[in-house]
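Have a look at the structure below, then the notes.
The values are calculated or read from the model by the stated rules, or taken from the named source; none is laboratory data. Nothing here was measured: the structure is a model prediction, and the numbers come from that model. FYI the Cβ positions are ideal-geometry reconstructions off the backbone, even for glycines, and counts take in every protein chain you see. In case anyone asks, the SASA skips ligands and DNA or RNA and just uses the protein heavy atoms, side chains included. Shrake-Rupley method; radii C 1.70, N 1.55, O 1.52, S 1.80 Å.
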Amino acid sequence: MTELGDAEHRFIEAMALHFERQGGTRIGGRIHALLMLADEPLSLKRIAELLKVSAASVSTNIRACTSMGLVEPVSVPGDRQHYYVISTEGWESRLRTAEEAMKAFVRLCRGALASPRLADKAHLREAADFCDFYLAEMAGIAERWRDARKLRKDAPHEPRSEVPHRLHHERDQGLHPGKGGRPRASRR
């Protein structure tokens with residue numbers, strides 16, 4: 001990756017602000033955005049140069065991005081520097097993290113509702129019911145994502161924007177997306 005243009009800078013700064021709104025750091029968002037744009041692995045040194053930040057800041061924040069499953073280290077033969085790329089499993093990792101957080105939250109709520117003193121708390125029950133609903137709706141989303149991703153890769157002649165549209169249509173019709181219109185199993 002050579003120098004960054006205006007479009008790249010705008011995207012990187014927008015991602016920095018997004019990360020910050022989500023409780024992360026701006027530099028973490030910048031690193032994630034830069035790696036999304038990179039066509040090759042980038043070293044810590046090159047990331048720092050492109051983002052015009054310190055190597056120490058990059059090192060600290062790349063560890064956070066790695067622990068979140070967004071980026072992963074790779075090696076470059078003949079080079080001892082540390083290189084990084086976007087994780088191919090990053091989106092699924094984020095889904096798993098969100099799901100685990102929701103499960104932990106619903107356990108706390110259900111545990112509190114089990115106490116006779118708290119059993120009639122409407123807001124607590126509403127929170128637990130929402131979490132149960134959310135988790136049921138999200139069940140199988142990673143599998144559906146993999147199916148949609150495979151369809152996009154297998155259908156280069158079809159515009160990319162049409163594949164997700166077709167999958168949403170199949171889902172809305174009660175069919176299993178990406179499975180040739182096979183009826184989806186009902187959830188309880």
Residue pairs meeting the criteria (Cβ under 9 Å; at least 6 apart or on separate chains; first without any contact (Cβ under 8 Å) to a residue 40 or more places away in the chain, in region 99-114; second of a type in the set (Lys, Arg)): Cys109/Arg125; Ala112/Lys121; Leu113/Lys121; Leu113/Arg125
Close pairs (7 angstrom Cβ cut-off, 6 or more residues apart or separate chains): without any contact (Cβ under 8 Å) to a residue 12 or more places away in the chain and more than 15 Å from Glu20 (Cβ to Cβ) in region 50-71, open to solvent by 20 Å² or more (accessible area, probe 1.4 Å) and of a type outside the set (Val, Ile, Thr) anywhere: Ala55/Leu44; Ala55/Lys45
Residue ID - nearest to Ser87 (Cα to Cα), chosen from residues in region 41-61 that are touching a strand residue (DSSP E or B) at 6+ places or on another chain (Cβ under 8 Å) and surrounded by fewer than 23 Cβ atoms within 10 Å (Cβ to Cβ): Pro41
Some residue of region 119-133 being at pLDDT below 80 and assigned to a helix (DSSP H, G or I): no
Odd one out for Ala104 among (1) outside any helix (DSSP H, G or I); (2) within 30 Å of Leu124 (Cα to Cα): (1)
Options Leu95, Leu70, Leu35; residue that is among the aliphatic types (A, V, I, L, M), under 16 Å from the mean Cα position of the chain (by Cα), at pLDDT below 90 and open to solvent by less than 40 Å² (accessible area, probe 1.4 Å): Leu70
